[in-house]
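A quick write-up on the structure given underneath.
The values are calculated or read from the model by the stated rules, or taken from the named source; none is laboratory data. Not measured: the values here are computed from a predicted model. When we count neighbours, we look across all protein chains shown, and the Cβ atoms used for this are built from the backbone with ideal geometry, even at glycine. Protein only, heavy atoms only, side chains kept; ligands, DNA and RNA dropped before computing areas. Shrake-Rupley method; radii C 1.70, N 1.55, O 1.52, S 1.80 Å.
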Amino acid sequence: MPEPAIARHRWWKEASIYQIYPSSFCDSNGDGIGDIPGIISKLDYLHELGVDVIWLSPVYKSPQKDMGYDISDYQAIDPRYGSMADMDRLIAGLHARGMKLLMDLVVNHTSDQHAWFQESRSSLDNDKRKWYVWRDGFMNEKGEEGPPNNWRSVFGGMWAEFKIQAGGLTVKTQKHEGSAWQYDEVTGQYYLHCFLPGQPDLNWEHPPVREAVHSQMKFWLDKGTDGFRMDVIDLISKPRSFADAPVVLPNERWQPADKLISNGPRLNEFLEEMGREVLSKYDVMTVGEMPWMTDKREALNVVGWWRGELDMIFQFDMITMDFGNNGRYSWPEKPWTLSTLKGALEGWQTFMIQNGGWNSVCLESHDQPRSVSRFVDRSLTDNDPVTRVRVAKMLATLEAGQCGTIYVYQGQELAMKNMPTHWPIEEYKDVETQNAYKEALEQAGRDESKMQDFMKALHLKARDHARIPVQWDSSSHAGFTTGMPWMRVNEDYPQWNAALQVPDEDSVFSFWKKVLQLRKQYKNVLIYGDFEMLVREDARVVAYRRTNGQERALVLLNFTNGPVEWEIPRGRRVEELVDERYRKLGNHGKLLGEGDVLSLRPFEALMFIK
Ligand code: NOJ
């Protein structure tokens, strides 16, 4: 049995990480798109908040078909974000403040504009042919040829017309209907793209590909980068057989293949090799995005400290609680329940602590909606500013007390919320959203109720909600840009912005600042302590305790919009904690209650530490 991870102290366990989505963070040159100089101008703000590490979503050269998650040159900065000199200044500015930088490593796929792919597609015997996954088409009984199998791309069909350019030789406009394979006329074969056709998957089975990835990593580490967030890294080892995926969408030709393409047979081998060849030579941190990692044992094989693979992963059990077979837009809506949320939280906390792994603690990202709109009925936080502040603080407390490395997504510290429901579909710029919308229109036909259900899911869960500009102040476009922002700014910015919240002691910003300070001050118990979920069956309250020797903490959250009389559990040394003296966080006034019963007010959040 390995030594428990909580006994092993590391800087990246104690770090607070802040994700920046560059196009929407801060624009310095008035072109309406956030950029690296804009980030540099906000380093003091981030330092004041108390974050230690910035995770920067991709700023590499890219045709931006998927907002930079389609990279055409790993060693160049996309001009819309600045230059390599800006990048060097950013690293220096962070290090001067004692902060660190995580780059986004997107190496499951490249852009189809990457030189590697351009070479690979140019002929069957090109040196780089094996760098991507090429297959012949499949011929059915009628003699018709189609993609090699029934796999559906994660982004589904593209109804918008788009161009395929083969080494500048062929230009063709084609309607793409959702297969994960794209036919390429130059050589008459299909290539695999788990996401967009503009994002061909690299073939990790081919050793030169892995060497090339390692060398890109070294380039950034030698520049002073302090680690990586690894994009969909659970997909890098493809299955040995390219068999059809089971049918879960009965009326459709293309079927989700996630169970086949994720956690493939050589995943651990590839990650261990990366650790050995690259990461072990630097004092850096890694977090692997693993959207399809649901098996905790398999996750442990990646993050167990003795494995030499990754430090932690992002798993999505809490995020996908209400997803269906067709992902986030599945309908009819499948509402999540507090008990599902509690089960997911408890499962990962206790498993990793007991087995020598490590968790990331995260509620928002550029791929998820805003937590204040997502984890409570959004009409409450949309319509009542007091409730919105309370809920934002409650969700901050939910994160604050957990064992793991904590993440804050830009604007989360300001309680930014989802886009208003009255905005038209044109305000949604994400390719995933636009595809899903067109697909929904086609499937719903004349059935208006189906379309209404889709719109509800869109208002709740689209990725666009996290991608609207950060609200800095009450000047035009929220101080994000002096030009026209690439995405519309939320109308509530005059009341909800950083300039108002930073000096205000009661603001959500100040609450987050406190949370991050507490995690440093009480790291023994909050970062390294044991975890126990209390009152599992209570559908109104989340309550958990943390213990490390004599140090104890209790987190108590009323997830309802009404009062809850909460009986303090006896015999777990919890009752002594429920005392004004030990209350370190709260989003209402003084404690209310009598004797053994605590009266929790709507969305009340409490954290006690002794
Ligand atoms: C996960 C990224 O977070 C997301 O934004 C992107 O669309 C996909 N991976 C494909 O790279």
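Observations on the structure shown:
- Among residues of the stretch 63-77, those that are within 23 Å of residue 209 (Cβ to Cβ) and part of a loop (DSSP other than H, G, I, E, B), counted: 8
- Condition check for residue 137 on (1) within 21 Å of residue 211 (Cβ to Cβ); (2) more than 16 Å from the ligand (Cβ to nearest atom): one failure, at (1).
- Options 105, 56, 101: the member that is surrounded by 16 or more Cβ atoms within 10 Å (Cβ to Cβ) and away from the ligand (no atom under 16 Å from the Cβ): 101
- Residue in the stretch 238-257 that is surrounded by fewer than 20 Cβ atoms within 10 Å (Cβ to Cβ) and within 22 Å of the chain's Cα centre (by Cα) present: no
- Residue check, residue 411 within 20 Å of residue 555 (Cα to Cα), modelled with pLDDT of 95 or more and not charged (D, E, K, R): no
- Residue ID - nearest to the ligand (Cβ to nearest atom), chosen from residues in the stretch 366-376 that are surrounded by 22 or more Cβ atoms within 10 Å (Cβ to Cβ) and of a type in the set (S, T, N, Q): 371
- The residues of the stretch 323-365 that are within 16 Å of the ligand (Cβ to nearest atom), buried (at least 17 other Cβ atoms within 10 Å of the Cβ) and at pLDDT below 95, listed by number, are 327, 328, 329.
- Residue count for the stretch 513-570, restricted to those that are open to solvent by 70 Å² or more (accessible area, probe 1.4 Å) and of a type in the set (Asp, Glu): 4
- Taking the criterion of being on the phi < 0 side of the Ramachandran plot and not in a helix (DSSP H, G or I), the residues of the stretch 85-99 that qualify are 97, 99.
- Of all residues in the stretch 60-98 being among the charged types (D, E, K, R) and within 12 Å of the ligand (Cβ to nearest atom), the one that is farthest from residue 217 (Cα to Cα): 65
- Scanning the stretch 269-300 for residues that are away from the ligand (no atom under 16 Å from the Cβ) and under 21 Å from the mean Cα position of the chain (by Cα) returns 271, 284, 285, 294, 295, 296, 298, 299, 300.
- Total residues in the stretch 581-610, condition open to solvent by 40 Å² or more (accessible area, probe 1.4 Å), among the acidic types (Asp, Glu) and not in a strand (DSSP E or B): 1
- Residue in the stretch 382-405 that is within 16 Å of the ligand (Cβ to nearest atom) and at negative phi present: no
- Remark: pairs (first residue in the stretch 575-602, modelled with pLDDT of 95 or more; second residue open to solvent by 50 Å² or more (accessible area, probe 1.4 Å) and among the polar types (S, T, N, Q); Cβ separation under 7 Å; 6+ apart in sequence or on different chains) = 602/561.
- Residues of the stretch 184-209 classified as open to solvent by 10 Å² or more (accessible area, probe 1.4 Å) and more than 12 Å from the ligand (Cβ to nearest atom), total: 11
- Residue, nearest to the ligand (Cβ to nearest atom), within the stretch 210-237, restricted to residues that are open to solvent by 10 Å² or more (accessible area, probe 1.4 Å) and outside any helix (DSSP H, G or I): 231
- Selection of the stretch 412-448 for residues being surrounded by fewer than 21 Cβ atoms within 10 Å (Cβ to Cβ), within 30 Å of residue 49 (Cβ to Cβ) and away from the ligand (no atom under 16 Å from the Cβ) yields 420, 421, 423, 427.
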